[in-house]
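Quick notes on the structure that follows.
No lab work stands behind these numbers, since they all come straight from the coordinates. Computed from a predicted model, the values in this text were never measured in an experiment. Cβ sites come from the backbone with ideal geometry, for glycine too, and all protein chains shown count toward neighbours.
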Amino acid sequence: MMLHKLRRAMVAPERSPLTGLIEFDDTYIGGTDSGRRGGRDALGAATIVIVAVEASGNRSGRLRMEAVDDLSADALCGFVQDNVLEGATIRTDAWQGFKRLGRLGYDHQPMSLRAGGMVGRDAALALPHVHRVISNFKTWLRGTYRGVSDLQMQVYLDEFVFRFNRRRTPMAAFQTLLGIGSQLPPTSYEQVKDPGLALLS
């Protein structure tokens, strides 16, 4: 219960948007692999998660992650507008849901695996930073919590993002958590059981 309360204090209300070069991709958490055709074919009630990370040479900068209902242009572009500074360079795969980004004021650089001769190879070669983050998140989730419900997924994403963005300053991370927590209203047990209530309150 205390951990759930703390997770709800891991998103700064006025955090600054991502800037520079951003790698963007999606992944599925949970569900069933049996019968999947690959790509964006989700089975077994998997949770769809979209991920954006700043890329600078071989290093990764700040991170944002969000659980979404679908991979429509509205969901993808809405996430970008909420989390990335207008004018930033965004690298994605060639999924059609990203096409609107150029009209929204971003330097969109889609990377087609087929055109790049990467079909049948590791897609992480095209977007290495974001794929590394996704791999680390899945390993952390399995190794630490074993399983997370779709209903609670977002707060675990928030925890991973908070830890990742402050991985080089652990003491400052603790102070930041206390600072954010002191500014937020208390979280009730009912809100922990149903995160939707927190959005309505």
Quiz item: Which of the aspartates and glutamates could a cross-linker bridge to Lys193, judged by Cα under 15 Å and excluding same-chain residues fewer than eight apart?
Solution: Asp150
Practice problem: Based on the mean of other Cβ atoms within 10 Å per residue, sort peptides 80-87, 152-159, 163-170 so the most packed one is first. | Solution: 152-159, 80-87, 163-170
Exercise. Name the residue farthest towards the positive end of the dipole of the chain from the options Leu76, Asn58, Met153, assuming +1 on Cβ of Lys and Arg, -1 on Cβ of Asp and Glu, about the Cα centre.
Key: Asn58
Practice problem: Give the peptides 49-55, 182-188 in descending order of average Cβ contacts within 10 Å, highest first. | Solution: 49-55, 182-188
Quiz item: Rounded if a/c is under 1.5, else prolate if a/b beats b/c, else oblate: with a ≥ b ≥ c from the C-alpha gyration tensor eigenvalues square-rooted, which is the stretch 47-115?
Solution: rounded
